[in-house]
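K.L.:
I'd like to ask some things about the structure below.
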Protein chains: 2
Amino acid sequence: MLTLYCFGPGANSLKPLLTLYERGIPFTPRQLNPAKFEHNEPWFVKLNPNGQVPALDHDGKVITESTVICEYLEDVFTDPQYPSLRPADPYLRAQMRVWTKWVDEYFCWCVSTIGWDRMVSRMARAMSEEEFEKHIENVPIPEQKVKWRRARHGFPPELLEEEMGKIRRSVARLEARLSESPWLAGPDYTLADICNFAIANGMQNGFSELVNEKAAPRLVDWINRINERSACKKMFAETRREVVPDARPAA
Amino acid sequence: MLTLYCFGPGANSLKPLLTLYERGIPFTPRQLNPAKFEHNEPWFVKLNPNGQVPALDHDGKVITESTVICEYLEDVFTDPQYPSLRPADPYLRAQMRVWTKWVDEYFCWCVSTIGWDRMVSRMARAMSEEEFEKHIENVPIPEQKVKWRRARHGFPPELLEEEMGKIRRSVARLEARLSESPWLAGPDYTLADICNFAIANGMQNGFSELVNEKAAPRLVDWINRINERSACKKMFAETRREVVPDARPAA
């Protein structure tokens with residue numbers, strides 16, 4: 001029995017979701033509601049003490065961390081009926097890991113901070129002082145508490161500027177790589193593409209001044225190519241996208 | 001032919017170094033001198049455009065990123081004459097990856113910032129303005145340039161305080177884990193231990209107020225157990241530790 005605890009099909013939750021769809025591995029999705037902070041509720045924190053999705057329950061064993069889950073699925077489901085997304089060649093596999101590592105250590109953080117500033121802040125500000133403090137109390141990770149306080153009271157402008165610089169460099173790096181290779185880790189579509197797509201998809205809208213057909217044609221083409229894959233279409237059709245209340249971008 | 005480009009036996013360079021010693025894989029070490037910024041010289045940047053060690057040259061193919069190199073060595077050297085440091089069981093392997101990921105995303109950064117503040121800053125301040133700017137120009141990664149400027153002109157006190165908090169939480173996390181398990185990923189000594197040891201070893205001296213037999217007995221015991229392994233002793237005996245010029249801690 002494979003149960004995936006996740007949010008909707010975006011960010012870190014998308015990584016194992018799309019991996020499972022692409023490989024055709026049967027699983028039960030269990031979507032948590034971020035607006036209700038279900039991931040910080042005691043029943044879930046018992047499952048993952050960090051109070052974070054995604055988390056995979058495989059016959060009672062819980063695997064956490066999105067990238068680790070994707071590699072775990074490769075280690076467990078080796079039958080060719082589930083096509084692999086990890087190169088067999090060790091050198092290409094190392095390239096794949098350089099890219100899955102980069103998204104986790106660099107790319108995802110800058111995009112996340114700007115996303116929090118634009119979207120989560122509205123949620124944080126809509127709460128009463130009491131509701132907010134009660135929520136903060138339930139957040140297990142100290143750095144997440146800091147992020148929530150910043151979402152409510154404002155991120156330091158110099159931090160936002162720094163993060164925007166990192167986003168610009170990330171887009172340039174992806175564009176450069178995709179100008180020399182069809183997929184990030186080389187000739188084949190791999191976990192490197194899925195894990196980076198999890199963050200990059202949607203930037204055509206949220207960061208359209210950077211991610212458009214003129215400024216980053218290869219990146220846009222790569223985002224489109226992944227969106228057009230049947231597994232990706234199926235995932236988006238079958239998985240509820242959450243609506244964050246009062247999270248409309250400023251006019 | 002296996003050539004490892006590295007600094008001395010500490011931090012990220014220690015990860016593949018100790019892995020190679022533990023597994024008995026023959027290799028040629030090529031130690032670069034950080035005080036002379038050899039890793040930013042054109043010949044090396046051609047090899048690794050990030051200008052960072054460690055980097056592994058395997059028959060002309062270059063693998064970068066210390067943790068990726070350790071996994072690469074597992075993927076390539078599968079002969080039982082080179083004992084594996086990666087659990088065969090997928091669940092335990094996932095635990096190993098949670099720990100190698102954590103050190104790369106969290107533990108190493110806070111220790112590194114304090115280390116830069118205490119040690120590298122003396123190097124950065126010893127340079128003339130001209131030398132310093134010339135050096136900065138050769139640093140390929142923008143975030144590293146920022147770190148160098150901060151080393152020369154001072155890290156923001158609130159950043160140092162934040163990083164010290166992270167170090168305290170890291171030590172508590174390691175101590176808690178080692179109270180329930182002999183090794184980080186479970187019953188066996190794995191890459192999880194090597195990659196965390198790379199950062200933790202030396203904290204008995206540099207952070208003795210946190211890492212001592214009273215405050216963190218399991219962590220100290222774990223550090224000692226790894227230091228006592230014959231492969232570790234051999235590595236330290238055969239690998240030159242670099243002396244950073246003018247890097248004595250303040251009296």
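Every read-out reported here was derived from the displayed coordinates using simple, explicitly stated rules and does not represent laboratory data. The structure presented is a predicted model; accordingly, all values stated were derived computationally and were not measured. Because the Cβ atoms are built from the backbone with ideal geometry, glycine has one as well, and the counts that use them run over all protein chains shown.
K.L.:
Please pick out the residue among A:SER84, A:SER13 that is in contact (Cβ under 8 Å) with a residue 24 or more places away in the chain, small (Gly, Ala, Ser) and under 27 Å from A:TRP148 (Cβ atoms). Working first, answer last.
P.N.:
Working: A:SER84 fails: under 27 Å from A:TRP148 (Cβ atoms).
Selected residue: A:SER13, the only one of A:SER84, A:SER13 that is in contact (Cβ under 8 Å) with a residue 24 or more places away in the chain, small (Gly, Ala, Ser) and under 27 Å from A:TRP148 (Cβ atoms).
K.L.:
Scanning segment A:228-243 for residues that are assigned to a loop (DSSP other than H, G, I, E, B) and out of contact with any helix residue (DSSP H, G or I) (no Cβ under 9 Å at 6 or more places or on another chain), which turns out nearest to A:LEU191 (Cα to Cα)? Steps first, answer last, please.
P.N.:
Within segment A:228-243, the subset assigned to a loop (DSSP other than H, G, I, E, B) is A:228-229, A:239-243.
Those left that are additionally out of contact with any helix residue (DSSP H, G or I) (no Cβ under 9 Å at 6 or more places or on another chain): A:228, A:240-241.
Working: A:GLU228: 17, A:ARG240: 23, A:ARG241: 22 Å.
By that ranking, first place goes to A:GLU228.
K.L.:
While we're here: Could you list, ordered by first residue, the pairs with Cβ atoms under 7 Å in which the first is in segment A:88-99 and more than 7 Å from chain B (Cβ to nearest Cβ) and the second is among the basic types (Lys, Arg), at least 6 apart or interchain?
P.N.:
A:MET96/A:ARG86
K.L.:
Would you be able to tell me the number of residues in segment B:131-160 that are away from chain A (no Cβ under 12 Å) and assigned to a helix (DSSP H, G or I)?
P.N.:
Result for segment B:131-160: 18.
K.L.:
State yes or no: is B:ASN205 loosely packed, with under 13 Cβ neighbours inside 10 Å, within 30 Å of B:HIS39 (Cα to Cα) and under 17 Å from the mean Cα position of the chain (by Cα)? Break it down into steps so the answer makes sense when it comes.
P.N.:
Working: loosely packed, with under 13 Cβ neighbours inside 10 Å: yes; within 30 Å of B:HIS39 (Cα to Cα): yes; under 17 Å from the mean Cα position of the chain (by Cα): yes.
For B:ASN205, the condition - loosely packed, with under 13 Cβ neighbours inside 10 Å, within 30 Å of B:HIS39 (Cα to Cα) and under 17 Å from the mean Cα position of the chain (by Cα) - is met.
K.L.:
Of the residues that sit in segment B:74-85 and are assigned to a loop (DSSP other than H, G, I, E, B) and facing chain A (nearest Cβ under 10 Å), which one is surrounded by the most Cβ atoms within 10 Å (Cβ to Cβ)? First the steps, then the outcome.
P.N.:
First pass over segment B:74-85, keeping only residues assigned to a loop (DSSP other than H, G, I, E, B): B:77-85.
After this cut, where a residue has to be facing chain A (nearest Cβ under 10 Å) as well, the list is B:77-78.
Values: B:PHE77: 18, B:THR78: 10.
My answer is B:PHE77.
K.L.:
Only one of these is over 23 Å from B:GLU143 (Cβ atoms), surrounded by fewer than 20 Cβ atoms within 10 Å (Cβ to Cβ) and of a type outside the set (D, E, K, R): B:PRO26, B:PRO49, B:PRO42. Name it. Steps first, please.
P.N.:
Values: B:PRO49 fails: over 23 Å from B:GLU143 (Cβ atoms); B:PRO42 fails: over 23 Å from B:GLU143 (Cβ atoms).
Matching residue, one of B:PRO26, B:PRO49, B:PRO42: B:PRO26.
K.L.:
Only residues that are under 18 Å from B:GLY10 (Cβ atoms), out of contact with any His (no Cβ under 8 Å at 6 or more places or on another chain) and away from chain A (no Cβ under 11 Å): list them for segment B:28-73, please.
P.N.:
Scanning segment B:28-73 gives B:PRO29, B:ARG30, B:GLN31, B:ASN33, B:PRO34, B:ALA35, B:LYS36, B:GLU38, B:HIS39, B:PRO54, B:ALA55.
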